[in-house]
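First comes the structure, then the notes that go with it.
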Amino acid sequence: MEKVEGMMKGLKLSEAEKKGVKIGWRGGKTGAVEVQAIGKLMSEKPAFAAAMVNALGPLWCPMKGLECKDLGENTFLFTFHQVSGKKKAVDNGPWHFENELLVMEEFVVSKTLDEYEFNKIPIWVRIFKLPFGMMSRETGEDIGNQIGECMEVDGLQDGLAVGKYLRVKVRMPINRPLMRGTTVEIDETGRTLWCPFEYEFLPDFCYVCGIIGHLDKECTIKLKKGEEPQYGRWLRWVPPRKQSLFYAKEVPLEIEEGGKGNKEQHVQVSKTNEKEVATNMVVDDAGKGMFVKVVQVEGMKKGDNGKKSSADGGVGKQGENKPEIKKFKRQPRKERAETQGVFVHLGKRRGAVPVCSIA
């Protein structure tokens, strides 16, 4: 394209060429206008449109899906079959595909492909150490517009937000160094505070120059001997790990232990002891693995009073049919080769699924 533009400078256009052609919509377009956006994958490796549809379709348009057309040089045109899908793609993010940044922009019919810049991404920024009385929408908008283009200020009630940080969503340029924080003037005396930033789901960036899109090894700026990087992982907010949730249930199991016949037992699983029960089922007191095979039971065991146990929603007297937790002896090692694996199934109940599997 640059070569063509260079040739145009030396050309003398004829009258027909100067006249040109006026283009645009003819006669108006009937029916629904296609909802589209254009994106570019910031990667040196080529990507495929079909892979984009499979990965991003369930996220953006889970009900009706989307279409993707390869425009070359890792640039893609997305057509959304849900209007909300475009808003998610353009206003949410940042998006990653195969660990590479995907930059999305609004599709404009009057723009050529070369006119799209792909240099801004939406991202949530956490602003720390602000005075409580100054954590307002106006403060968030002022700081957000300094980072980029403020899109939204989160967690405000009556125009104020009191907490450890103020959360602001901005459309941030990726072709300039990240802001590590900002200095705010808090009173008429000129007293200032340093308010550091943390970025949520921040893409890979260079610790040397602070620009998104490359790492330290690829940076053209080299640190001098003994010089420390001015940027680091402390700019990236990392979400806390989610704790496992346990469900309260009473499960009837038929257990075959060491090939010595079948034994039927009710195992009670609750929020407080599910881990302990599961451990006792597969690990002995010495902490070594056991091999037991658990198969489904045909039906729920009934109590002496003829009513079903509490696992089936029946009502029984306290202490009747109290479930016990059985400790199993470890199977000799020589029989391990004959064991195909350990499978623990729930009883024959609605929605029963395996709860444990050890090879």
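Listing for the model above:
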{"read-out": "Every pair of residues 6+ apart whose Cβ atoms lie under 7 Å, when the first sits in the stretch 44-60 and is surrounded by 12 or more Cβ atoms within 10 Å (Cβ to Cβ) while the second is part of a helix (DSSP H, G or I)", "value": "Trp60/Gly85; Trp60/Lys88; Trp60/Ala89"}
{"read-out": "Residues that are touching a Leu at 6+ places or on another chain (Cβ under 9 Å), more than 14 Å from Ala55 (Cβ to Cβ) and assigned to a loop (DSSP other than H, G, I, E, B), drawn from the stretch 94-113", "value": "Pro94, Phe107"}
{"read-out": "Evaluation of Val109 against (1) free of Cβ contacts under 8 Å to residues at least 60 places away in the same chain; (2) under 30 Å from Val184 (Cα atoms) (one fails), failing number", "value": "(2)"}
{"read-out": "Among (1) touching a residue at least 60 places away in the same chain (Cβ under 8 Å); (2) closer than 20 Å to Asn175 by Cβ; (3) in a strand (DSSP E or B) - the single one Pro122 does not satisfy", "value": "(1)"}
{"read-out": "Members of the stretch 91-105 found to be in contact (Cβ under 8 Å) with a residue 60 or more places away in the chain, farther than 21 Å from Leu235 by Cα and surrounded by 15 or more Cβ atoms within 10 Å (Cβ to Cβ), listed by number", "value": "Met104, Glu105"}
{"read-out": "Residues located in the stretch 106-144, provided they are of a type in the set (Val, Ile, Thr) and either buried (at least 18 other Cβ atoms within 10 Å of the Cβ) or touching a strand residue (DSSP E or B) at 6+ places or on another chain (Cβ under 8 Å) (or both)", "value": "Ile121, Ile123, Val125, Ile127, Thr139, Ile143"}
{"read-out": "Residues of the stretch 191-206 that turn out to be under 18 Å from Met179 (Cβ atoms) and open to solvent by 70 Å² or more (accessible area, probe 1.4 Å), as a count", "value": "4"}
{"read-out": "Filtered residue count, the stretch 167-184, keeping only those that are closer than 14 Å to Met151 by Cα and open to solvent by less than 50 Å² (accessible area, probe 1.4 Å)", "value": "6"}
{"read-out": "In the stretch 121-173, the residues that are farther than 13 Å from Glu198 by Cα, out of contact with any Cys (no Cβ under 9 Å at 6 or more places or on another chain) and of a type in the set (A, V, I, L, M)", "value": "Ile121, Met134, Met135, Met151, Val153, Leu156, Leu160, Ala161, Val162, Met172"}
{"read-out": "Cβ-Cβ under 9 Å pairs, at least 6 apart or on other chains, the stretch 169-183 side outside any strand (DSSP E or B), far side open to solvent by 50 Å² or more (accessible area, probe 1.4 Å) and acidic (Asp, Glu)", "value": "Asn175/Glu117"}
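The values are calculated or read from the model by the stated rules, or taken from the named source; none is laboratory data. All values derive from a computational prediction rather than experimental measurement. Glycine gets a Cβ as well: all are built from the backbone with ideal geometry, and neighbour counts include every protein chain shown. For the accessible areas, the whole protein counts, side chains as well, though only heavy atoms, and no ligand, DNA or RNA atoms are used. Shrake-Rupley method; radii C 1.70, N 1.55, O 1.52, S 1.80 Å.
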